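The values are calculated or read from the model by the stated rules, or taken from the named source; none is laboratory data. This one's a predicted model, so the numbers in the text were calculated from it and none came from an experiment. Don't worry about glycine lacking a Cβ; one is built from the backbone with ideal geometry, like all the others, and counts go over all protein chains shown. Calculation scope for accessible area: heavy atoms of the full protein, side chains included, ligands and nucleic acids excluded. Shrake-Rupley method; radii C 1.70, N 1.55, O 1.52, S 1.80 Å.
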Amino acid sequence: MSQGRDTLYQQRFARVFDYIYQHLDEPLDLYQLADVACVSPYHWHRLYQSVYGETLAATVKRLRLHRAAGELVNSSRSMDKIAAGSGYAGLSSFNRAFSEVYGMPPARYRQAGSHTVFVAAVQAAAGIAMEKGAMNMHDVTITQQEAVVVTGLNHQGSYMNIGNAFEKLFGWFFMQHADRMPVRMLAIYYDDPCSVAEDDLRSMACMSCLADVELPEGFARQTLAAGDYAVLRHQGPYADLASAYQWLYGVWLPQSGRLPADQPCYEEYLNNPREVAPTELLTDIYVPLQPA
């Protein structure tokens, strides 16, 4: 394809992802999304799958359950409301879909999912003296990182929805620069969700490449500063990450003897949510530290 044609398709993919994220609680089918993209439904499905490596139906299901997992972990909404808000007609169909992907029913996930390990550690640290070695119950290392120039797309709003920016970033990358695969996938998080309103949270979906190409409107470059970082490797659903941060900042950091540097934290995603189950997702959380 020519660059102009690639840009046209990129814009249509972006429009579709905006629509999906805004209507996850409503019926979404191939013909409806093809209409949003202004592409014939006879070709839209193949075009989408050739770029993103999964069907549209799989994407919609993944995003709905991702949002549901976040609400199960980070809110007290009722199961019925979470199911309805995730586009499922009834609780039984939601339970089946969630169990199939996350390995347990949603009610059990809320009470005993992998996030509860971090929650229990934070509560224990707040209530009693930690046992020797307890602060190292998770895999945290201190490493020295070189500066990294990244190319990315800014996102404002819930951190759980940064996937929208990643989908657009990847669509542009695949159309324009797929020959440069593989790349590191990262995200910069500028604000503390405990002190900034959700709608005002700022983040950036990034790739560690393309420092030498002209960027389309809305894209930007950022440099991840060199220095010491505390790195927590997390395995499990992205919905668990808020609990992991609470443990890292509330338990590990105060006990470590180190102070955070005046730089944003960032994450690196080591595998692809389109290819592995949520329980197998690997994420490295990088917290910048002041020199020892």
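Overview of results
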{"read-out": "Solvent exposure of the stretch 77-227 as accessible area per residue, Å², 1.4 Å probe", "value": "53 Å²"}
{"read-out": "Pairwise FRET efficiency - R96 versus A277, Cβ, R0 = 22 Å, nearest 0.05", "value": "0.90"}
{"read-out": "Full-extension gain in nm, Q235 to T143, via 0.36 nm per residue minus C-alpha separation", "value": "31.2 nm"}
{"read-out": "Surface accessible to a 1.4 Å probe, per residue, for the residues of the stretch 1-70, Å²", "value": "51 Å²"}
{"read-out": "Max mean-square fluctuation residue, GNM over the chain, Cα-Cα springs under 10 Å, options G53, G163, G87", "value": "G53"}
{"read-out": "The chain - percent of accessible surface contributed by carbon and sulfur, probe 1.4 Å", "value": "50 percent"}
{"read-out": "A57 versus A220: modelled label distance in nm, points set 7 Å from Cα along the beta carbon direction", "value": "4.0 nm"}
{"read-out": "Chain lengthening between Q156 and V119 when straightened (0.36 nm per residue, less Cα-Cα)", "value": "10.7 nm"}
{"read-out": "For the chain: span of alpha carbons on each principal axis (Å, largest first)", "value": "63, 51, 31"}
{"read-out": "Paramagnetic reach from C194 in the stretch 38-79 [backbone N under 17 Å; point 7 Å along Cα→Cβ]", "value": "74-75"}
{"read-out": "Cα-projected label distance for R108 with A292, points at 7 Å along beta-carbon direction, nm", "value": "4.3 nm"}
